[in-house]
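Have a look at the structure below, then the notes.
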Amino acid sequence: MGKIVIGILIICLYCFPFVYISMDQDYSNHSMLGYLIMIIATSLLAFFGKLFINSLSPIIGNLLSVIISFYFINGMAGNEHWDGYFKPLTPYQLLVLVSFLNLIPQFLAINFAKKLKNKVNEV
């Protein structure tokens, strides 16, 4: 029962539109800090997801985060000015690219959690 609750909690935390907030931070403040925070937050979620449950919750969470970010990029009024900012990519292409690249540190975190879990189980 506890694993199910933790899995739902991790999926709910993943529902934050990480990529949208990072892109908005980039546009508003010309800062890459939003991307760094996104990488750290999603890597921690993936690590704890694998450590306490399995790899399924980070996969579902990533899909939900991308869908919610897409909704915000598509549905939010006032994002038309983004079209010229992220040249040569459109905001939608950047969403897909950043979401894909964000999987790399998450896979590293999942592998680290798997090794840590195996090491603890051996002892």
Original post:
Given a 1.4 Å probe, how much area per residue of the stretch 1-122 is accessible, in Å²?
Top reply: 61 Å²
**OP:** Using per-residue counts of other Cβ atoms within 10 Å, averaged over each peptide, order 94-106, 38-50 from highest down.
**Re:** 38-50, 94-106
Subject >> D83/V5 FRET efficiency (R0 35 Å; Cβ-Cβ; nearest 0.05) >> reply: 0.25
Original post:
What lysines sit close enough to K50 to cross-link, taking a C-alpha to C-alpha distance under 27 Å and skipping anything fewer than 8 places away on the same chain?
Top reply: K3, K114, K115, K117, K119
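Could you tell me what percent of the accessible area of the chain is made up of carbon and sulfur, with a 1.4 Å probe and every protein chain present?
That share works out to 74 percent.
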Original post:
Roughly how many nanometres apart are two label points built 7 Å out from the Cα toward the Cβ at Y27 and F107?
Top reply: 3.0 nm
Original post:
Mean separation of Cα pairs under 8 Å and 6+ residues apart, divided by the residue count of the chain: what relative contact order is that in percent?
Top reply: 33 percent
Subject >> Gain upon complete extension [T90, F52; 0.36 nm per residue less C-alpha separation] >> reply: 9.9 nm
**OP:** Could you sort 19-26, 85-92 so that the peptide with the highest average Cβ count within 10 Å comes first and the rest follow in order?
**Re:** 19-26, 85-92
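The values are calculated or read from the model by the stated rules, or taken from the named source; none is laboratory data. Computed from a predicted structure; not experimentally measured. Cβ: placed from backbone, ideal geometry, glycine included. Neighbour counts: every protein chain shown. Please note that ligands, DNA and RNA were not included when accessible areas were found on the heavy atoms of the full protein model with its side chains. Shrake-Rupley method; radii C 1.70, N 1.55, O 1.52, S 1.80 Å.
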